[in-house]
Amino acid sequence: MRECRSCGSAFDERFRFCPWCGAIQRLKIVEYFGGFPVAKGEAAKGLRVSRYLSAPGHVRFSVWGVGRVEAAVSIDEAEARRLASFLRRTDPVARRPRLADRLKQSADALLETLR
């Protein structure tokens with residue numbers, strides 16, 4: 001059971017809205033990503049990612065087939081940050097220069113200006 005953040009009434013935690021006052025209970029942001037078929041004839045799938053903003057904060061990944069969820073897993077905020085860091089670090093297109101490289105570029109530009 002959960003207690004409504006608005007009116008204090010108790011209700012089943014599966015509800016997104018309080019059945020007594022109608023206040024929203026779970027805040028989330030959802031994004032859908034289309035799947036990439038690797039094998040010939042692979043069924044169309046997609047990934048739905050939901051970030052839950054209310055406590056306890058977590059991120060949920062749902063693999064969707066045609067009209068139904070096939071699998072789902074939730075990770076906590078620390079794992080979500082680790083996943084985001086992994087994706088940033090391994091992105092072959094949008095790789096950001098390392099701090100040492102940025103400092104060297106800044107120092108080189110400063111030396112060039114001073115000459």
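The residue pairs whose first member lies in the stretch 59-83 and is farther than 16 Å from VAL30 by Cα, whose second member is open to solvent by 80 Å² or more (accessible area, probe 1.4 Å), and whose beta carbons are closer than 6 Å, counting only pairs six or more residues apart or on different chains, are GLY65/LYS45. Taken over the stretch 74-115, residues that are part of a helix (DSSP H, G or I), over 20 Å from ARG51 (Cβ atoms) and of a type outside the set (Asp, Glu) amount to 15. Taking the criterion of being open to solvent by less than 70 Å² (accessible area, probe 1.4 Å) and under 16 Å from the mean Cα position of the chain (by Cα), the residues of the stretch 17-29 that qualify are ARG26, LYS28. Looking across the stretch 48-60 at every residue that is open to solvent by less than 60 Å² (accessible area, probe 1.4 Å) and assigned to a strand (DSSP E or B), the one that is nearest to ALA71 (Cα to Cα) is identified as VAL49.
Annotation note: Cβ proximity below 8 Å between a residue of the stretch 26-55 that is more than 30 Å from PHE11 (Cβ to Cβ) and a residue that is assigned to a strand (DSSP E or B) and among the charged types (D, E, K, R) (sequence gap 6+ or interchain) occurs for PHE33/ARG48; LYS45/GLU70.
When restricted to residues that are surrounded by 10 or more Cβ atoms within 10 Å (Cβ to Cβ) and among the hydrophobic types (A, V, I, L, M, F, W, C), the stretch 88-108 contains 2. Out of all the residues in the stretch 43-57, is one or more over 30 Å from ALA78 (Cβ atoms) and at pLDDT 90 or above? For the stretch 43-57, residues over 30 Å from ALA78 (Cβ atoms) and at pLDDT 90 or above: absent.
Does any residue of the stretch 6-13 turn out to be acidic (Asp, Glu), over 14 Å from the mean Cα position of the chain (by Cα) and not in a helix (DSSP H, G or I)? Within the stretch 6-13 (the criterion being acidic (Asp, Glu), over 14 Å from the mean Cα position of the chain (by Cα) and not in a helix (DSSP H, G or I)), the answer is yes, since at least one residue qualifies. Selection within the stretch 63-79: residues that are within 15 Å of GLY34 (Cβ to Cβ) and touching a Gly at 6+ places or on another chain (Cβ under 9 Å). The member of this set that is surrounded by the most Cβ atoms within 10 Å (Cβ to Cβ) is TRP64.
The values are calculated or read from the model by the stated rules, or taken from the named source; none is laboratory data. Keep in mind that this is a model prediction, so the values were computed, not measured. So basically every Cβ, Gly included, is an ideal-geometry build from the backbone, and we count neighbours across all protein chains shown. Areas reflect the complete protein model, heavy atoms only, side chains present, ligands, DNA and RNA absent. Shrake-Rupley method; radii C 1.70, N 1.55, O 1.52, S 1.80 Å.
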